[in-house]
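*Asks:* Structure in structure tokens, see below.
The values are calculated or read from the model by the stated rules, or taken from the named source; none is laboratory data. This structure is a prediction, so every number in the text was calculated from the model and none was measured. Quick reminder, even Gly has a Cβ in these numbers, built from the backbone with ideal geometry, and neighbours come from all protein chains shown. Ligands, DNA and RNA are excluded from the accessible area calculation, which covers all protein heavy atoms including side chains. Shrake-Rupley method; radii C 1.70, N 1.55, O 1.52, S 1.80 Å.
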Amino acid sequence: MDDRNNGVSASTTATQPLWLLAEITYRCPLQCAFCYNPTDFDKHTQNELDTDGWMKVLREARDLGALQLGISGGEPLLRPDIEDIVIEAHKLGYYSNLITSGAGMNEKRIDALKSGGLDHIQLSMHDITEEINNFITNTKTFKLKQKVAAMIKDRGYPMVLNVVIHRYNIDHIKEILEMAEGLGADYVELANTQYYGWSLVNRDQLMPTKEQVLHAEKITNEFRERVGNKMKVFFVVPDYFDERPKKCMNGWGEVFMIVAANGDILPCHSARVIPNLKFPNVNDSPLKAAWYDSPAFNKFRGDDWMKEPCRSCSEKENDLGGCRCQAFLLSGDAESADPVCTKSPNRNLIDQAIKDSQNPGIEAKPIVFRTNQNSKNISEGKEKERLEKFHATP
Amino acid sequence: MAIENKDIYKLASYHRFQWEEAQNCYVILFPEGMVKLNGGAGEVLNLVDGVATVKIITDTLIKKFPDAPNIAKDIIGMIELALDKAWIEKIN
């Protein structure tokens, strides 16, 4: 290997990428305020891997042991080759999942995807009201989503709905779950917003209160008791209101591999915010070398990299120190404890963020929607005021 | 639910069961998840096909592994677990 990353040595941990997430394009007709895509996505819309490039990624990852494939974006259906990619994935033995907003889906495509062997479709939904759906996505997509949900059910796919939860829909959890039940959903993921990418830019406007989160969790538990195994409901807890961080990606370079639209090979979606880490790219590295030998994938594997208070912490195996990107974005040090942890000397940054989001004047600040123009603006440093408290552009 | 000899089970909808060379084990795949099965569990689920009764599954495995003690009890335990996790469904 070369001398990048100060010669971090290879991990001795035996790991395999079980999940491959193909972020196949960052282009998207929706403009969601909470999108976790990088705010500089506009740079990566002109250099997407071509069909052959993705075929190679699928084959190499499968050889490494990957089983679950997420085809994501942006909006993956903006690519005309999703059908071919699905056929190849099926041939290789992946359990494949198309993660979509529904934009670009039609009868012809859903039939082609079904016959190509796509295993399931995860559809994003936003609210029971057209107003909130259209507001938070900055597009008129409410009716489209209802239509696509019916199409998914009609074709016999498992119905997996993903609902990102934030201040504007958290008090509608009961109605959202009832809507999912009415649509015949088999799985519902209530994903409380995690603050990366655009959602970090809009953190003050999106964050609910702790009371709202607790209430939403209570409603979810009551709903689970009522419906039992008929519909599985996942409630992804928002780490800011917790005392310990999440075990991000189940550990850096442990089970997840992400290939970004331009071919960058990453251990998590937002890893590129961490400075001085050079990530391998499909165009110049086989996936195997990236996973096992690249300094970037080995940098935070296991726990050798930890500093105090993590290093001697009796709970370190539970969360592996939390999220490296969050640690860097908020504290400026990627090797520090995730500030969510109450043992972190930087916990005050989380408490302050919670406090700031409750400032009654905050809703007067406009939301920065995920548009190409806003992406350019952020890349050019035009949203400085909002971003100066972070240590990198998210 | 008590497991009986005459019961027939099949893999639950939207679940896929396959052998994985890279992990050297059987796996169950389903939306948002996967389970790697250890040797014994994989052998049992490999026979859950919507046709074989619990009796047939048990007899087949006793024949295949004549030296394994208490195998019948383990097979029932595995079927109970798979039912509880909703990986399989009873069809009769």
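*Asks:* Would you mind giving the total buried accessible surface between chains B and A, with a 1.4 Å probe and ligands, DNA and RNA left out, rounded to the nearest 100 Å²?
*Replies:* Working: alone 5840 and 16730 Å², together 20860 Å².
Buried area between the two chains comes out at roughly 1700 Å².
*Asks:* Per-residue HN-Hα couplings for segment A:81-89, Karplus 6.51 cos²θ - 1.76 cosθ + 1.60 at θ = phi - 60°, whole Hz, x for Gly and Pro?
*Replies:* With coefficients 6.51, -1.76 and 1.60, one gets 9, 4, 4, 5, 5, 5, 4, 5, 4 Hz.
*Asks:* While we're on this one: Take the eigenvalues of the Cα gyration tensor for segment A:185-225, scale each by 5, and report the square roots as semi-axes in whole Å, largest first.
*Replies:* Working: eigenvalues 113, 41, 5 Å².
So the three semi-axes of segment A:185-225 are 24, 14, 5 Å.
*Asks:* Near B:Lys6, which lysines are there with a Cα under 18 Å away, not counting those fewer than 8 places off in the same chain?
*Replies:* B:Lys55, B:Lys73, B:Lys90
*Asks:* Can you give the net charge of the other residues whose Cβ lies under 15 Å from the Cβ of A:Asn106, counting K and R as +1 and D and E as -1?
*Replies:* On the way: positive: A:Arg79, A:Lys108, A:Arg109, A:Lys114, A:Lys143, A:Lys145, A:Lys147, A:Arg155; negative: A:Glu75, A:Glu83, A:Glu107, A:Asp111, A:Asp154.
Computed value for this residue: +3.
*Asks:* Kindly provide the helix-only [θ] at 222 nm of the protein assembly as shown, computed as the sum of -39,500 (n - 2.57) over DSSP H runs of four or more divided by all residues, to the nearest 500 deg cm²/dmol?
*Replies:* Values: 19 runs with 175 residues, N = 486.
The helix-only estimate for the protein assembly as shown comes to -10500 deg cm²/dmol at 222 nm.
*Asks:* Amide H to amide H, which residues 5 or more places from A:Met125 or on other chains are under 5 Å from it, using H placed in the peptide plane?
*Replies:* Those qualifying (amide H under 5 Å, at least 5 residues apart or on another chain) are A:Asn162, A:Val163, A:Val164.
*Asks:* Continuing with the same structure: Which value, in Å² and to the nearest 10, is the accessible area of A:His391 when all protein chains are kept and the probe is 1.4 Å?
*Replies:* Result for A:His391: roughly 100 Å² accessible.
*Asks:* Please report the equivalent ellipsoid semi-axes of chain A, computed as sqrt(5 x eigenvalue) of the Cα gyration tensor, largest first, in whole Å.
*Replies:* Working: eigenvalues 176, 156, 86 Å².
Result for chain A: semi-axes of 30, 28, 21 Å.
*Asks:* Can you classify segment A:1-141 as rounded, prolate or oblate using the Cα gyration tensor, where a ≥ b ≥ c are the square roots of its eigenvalues, rounded means a/c under 1.5, and otherwise it's prolate if a/b beats b/c and oblate if not?
*Replies:* oblate
*Asks:* Whole angstrom only: what separates the Cα centroid of segment A:162-182 from the Cα centroid of segment A:368-383?
*Replies:* 29
*Asks:* To make sure I understand the rule: partners must be aspartates and glutamates, Cα under 15 Å from the Cα of A:Lys384, and not fewer than 8 residues away in the same chain. Which ones qualify?
*Replies:* A:Asp40
*Asks:* To continue, here is another question. Quick check: the distance between the Cα centres of segment A:22-62 and segment B:29-92, to the nearest angstrom?
*Replies:* Computed from Cα coordinates, the inter-centre distance equals 40 Å.
*Asks:* Among bridges DSSP assigns within the protein assembly as shown, what percent are antiparallel (round to 5)?
*Replies:* Numbers: 17 of 50 bridges.
Close to 35 percent.
*Asks:* Loop only per DSSP, at most 14 neighbouring Cβ atoms within 10 Å: give me the GluC sites (Glu not before Pro) in segment A:150-213, ordered by residue number.
*Replies:* Working: sites: A:Glu175, A:Glu178, A:Glu181, A:Glu189, A:Glu211; in loops: none.
Hits after loop and neighbour filter: nothing returned.
*Asks:* Once you average over the residues of A:67-75, how many Cβ atoms of partner chains fall within 10 Å of each Cβ?
*Replies:* Values: counts 9, 7, 0, 1, 0, 0, 0, 0, 0.
The per-residue average across the peptide is 2.
*Asks:* Now a separate question. If you take all C-alpha pairs in segment A:239-394, what percent of them are over 28 Å apart? Could you put the intermediate results ahead of the total?
*Replies:* Working: 3430 of 12090 pairs.
Summing the P(r) tail past 28 Å for segment A:239-394 gives 28 percent.
*Asks:* Here is a further query. Express the relative contact order of chain A as a whole percentage, based on alpha carbon pairs under 8 Å and six or more residues apart in sequence. Walk me through the numbers before you get to the answer.
*Replies:* Details: 751 pairs, mean separation 83.9, N = 394.
That works out to 21 percent.
*Asks:* In addition: What's log10 of I(q)/I(0) for chain B at q = 0.12, 0.24 Å⁻¹, Debye sum over Cα points only, no solvent?
*Replies:* Here log10 of I(q) over I(0) equals -0.34, -1.32.
*Asks:* Using Cα pairs closer than 8 Å and at least 6 residues apart in sequence, work out the relative contact order for chain B, in percent. Please list the in-between numbers first.
*Replies:* On the way: 120 pairs, mean separation 35.8, N = 92.
The value is 39 percent.
*Asks:* How large is the charge dipole for the protein assembly as shown, taken about the Cα centre, if only the Cβ atoms of Lys, Arg (+1) and Asp, Glu (-1) carry charge, to the nearest 20 debye?
*Replies:* On the way: 58 positive and 69 negative charges, 71 e Å.
With only Lys, Arg, Asp and Glu charged at Cβ, the dipole is about 340 debye.
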